[in-house]
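This report concerns only the one structure given below.
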């Protein structure tokens, strides 16, 4: 089974144990930096969309809890072999989880 999940913490430059207040403050800073009306670089619009998507999940405590469970699943398999790999390119931030049991 292979899942690819965007790493929203990486997109926003956050550690996984930050408070909701830090998430909101970081979002505001990133929104000011990458908003297409302010930032005229070609990738500003795409970056802003990623930031909004990340904040939609991390800014809501219920969605964040579900996301955290998804990226850190409990080991319920009898003898699993789990491989984590992070893929980071300028336009794509994903976590690939491969579980062989």
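Here are the numbers for the structure shown:
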{"quantity": "Cα-Cα separations in segment 1-67 greater than 15 Å, expressed as whole percent", "calculated": "51"}
{"quantity": "Residue exposure sequence - 33, 40 - by fewest surrounding Cβ within 10 Å", "calculated": "40, 33"}
{"quantity": "Which of 71, 57, 38 has the fewest Cβ neighbours within 10 Å, and the rest in rising order", "calculated": "38, 71, 57"}
{"quantity": "Which of 58, 15 has the fewest Cβ neighbours within 10 Å, and the rest in rising order", "calculated": "15, 58"}
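Read-outs throughout are calculated quantities, based only on the coordinates presented, and are distinct from any laboratory measurement. Being a predicted model, the structure only gives us computed values, none of them experimental. Note: ideal-geometry Cβ built from the backbone for every residue, glycine included; neighbour counts use all protein chains shown.
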